[in-house]
Amino acid sequence: MAKKEIQFLEGPQSRWKDFKYTVGVFFEFIKGFRALHFVGPCVTIFGSARFKEDHEYYKQARKLASEIASLGFTIITGGGPGIMEAANRGAKDVGGRSVGCNIVLPVEQHTNPYLDRWVNIKYFFIRKTLLIKYSYAFVVMPGGFGTLDEFYEAVTLVQTKKISGFPIIIFDKEFYKEILDHNERMVKEGTISQNDLNLFLVTDSIQEAIAYIKEKSIIGFGLQYAKRPKPFWGFFEKELKKITHLIPEKEDYNPE
């Protein structure tokens, strides 16, 4: 008996819609590049928007961000409340730079008050590309689906060598215990290799996280410190006690 020929379902066919979408994506990238071009080397801190300032995770994120900013990095987050606010606030606590890369959602997420600069992006994949382009490390604090999405996207890029040597830190072993157990299950089932578990650091120690960023980001990427402008004695200028910020070895960092 002859097989019945399949009648395929109709899919999107509008070339005009595809063209408009492509142009929109292009301009979103340009908007992000223009907004973030001068922010300097960043460290991205991810985490839930739902934790209040009296929560332990909020306090940890604020402290960790202060220590990272003190190294000279710009702290960049999703720009919203919760862990994002804590991280941006921690940067401002020590006079560091604080930036937000906000995602536009149906329910508008307002930016937190601790940002020096921010940009609103329509598409998640553009936002993630911008964070990869300008960041030299990711810190994954307790969070939800979005935080896990960012973590697994970053670790996949390192695993597949689309970016190399990119430090990823999971902060809080207890919160991510089941995720870490599932990673071990994937090793057991052969869907990832044992070496893949070395692509990220899991820690509860701020000191260990800072040491890891120093090794993998500052030394690993050959970052140099920007020179402070010297005050001119003739104008009775005094030197500002500001953080010395890092500058890339090259004009523009490209992780590939």
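The values are calculated or read from the model by the stated rules, or taken from the named source; none is laboratory data. Here the structure is a predicted model, which is why all the values come from computation and not from measurement. Note that each Cβ is placed from the backbone with ideal geometry, even for glycine, and that neighbours are counted across all protein chains shown. Just the protein is used for accessible areas: all its heavy atoms, side chains included, with ligands, DNA and RNA removed. Shrake-Rupley method; radii C 1.70, N 1.55, O 1.52, S 1.80 Å.
Quick one: of Lys133/Lys227; Lys59/Lys173; Lys128/Lys162; Lys133/Lys162; Lys133/Lys216; Lys63/Lys133, which pairs are farther than 18 Å apart, Cα to Cα? Flagged as over cut-off: Lys133/Lys227; Lys63/Lys133. Computed on the chain, with alpha-carbon pairs under 8 angstrom and 6+ residues apart, the relative contact order is 18 percent.
The amide H of Ile163, built 1.01 Å from its N in the peptide plane, has Val158 as neighbours under 5 Å, considering only residues 5 or more places off or on other chains. Under the combined filter of DSSP loop state and at most 15 neighbouring Cβ atoms within 10 Å, segment 38-80 retains these GluC sites (Glu not before Pro): Glu53.
Divide, for segment 132-192, the radius of gyration over alpha carbons by 2.2 N^0.38 Å, where N is the residue count. The reported ratio for this selection is 1.15. Estimated at 0.36 nm per residue, the fully extended path between Ala226 and Tyr123 surpasses their Cα-Cα distance by 33.8 nm. Annotation: amide H of Ala137 within the under-5 Å range of Thr44, sequence separation 5 or more or interchain, hydrogens built in the peptide plane. Going by accessible surface with a 1.4 Å probe and the largest first, Ser66, Ser193 read Ser193, Ser66. Beyond 15 Å, the tail of the calculated P(r) for segment 156-226 holds 62 percent of the Cα pairs. When the convex hull of its Cα atoms is viewed from all sides, segment 104-148 shows a mean projected area of 4.1 nm². The alpha carbon radius of gyration of segment 82-162, expressed as a multiple of 2.2 N^0.38 Å, is 1.13. DSSP loop (so not H, G, I, E, B), at most 14 other Cβ within 10 Å: list which trypsin sites (Lys or Arg not before Pro) in segment 72-136 pass both filters. Passing sites in segment 72-136 are Lys122. Among the trypsin sites (Lys or Arg not before Pro) in segment 1-62, which ones are in a DSSP loop with at most 10 other Cβ atoms within 10 Å of the Cβ? Mind listing them? Sites meeting the loop and neighbour criteria: Lys3, Lys4.
Students often get this wrong, so try it: which of (1) 1.16; (2) 1.20; (3) 1.04 is Cα Rg over 2.2 N^0.38 Å as calculated from the structure shown? Of the labelled values, this structure produces (1). In the context of the full set of protein chains, segment 114-174 has a per residue accessible area of 42 Å² (1.4 Å probe).
Helical content alone sets the calculated 222 nm signal of the chain at -12000 deg cm²/dmol, taking -39,500 (n - 2.57) per DSSP H segment of four or more residues and averaging over every residue.
Considering the zone a paramagnetic label at Val107 would reach in this model (a point 7 Å from Cα along the Cα-to-Cβ line), which residues of segment 124-150 have amide N under 15 Å from it? The answer is 144-146.
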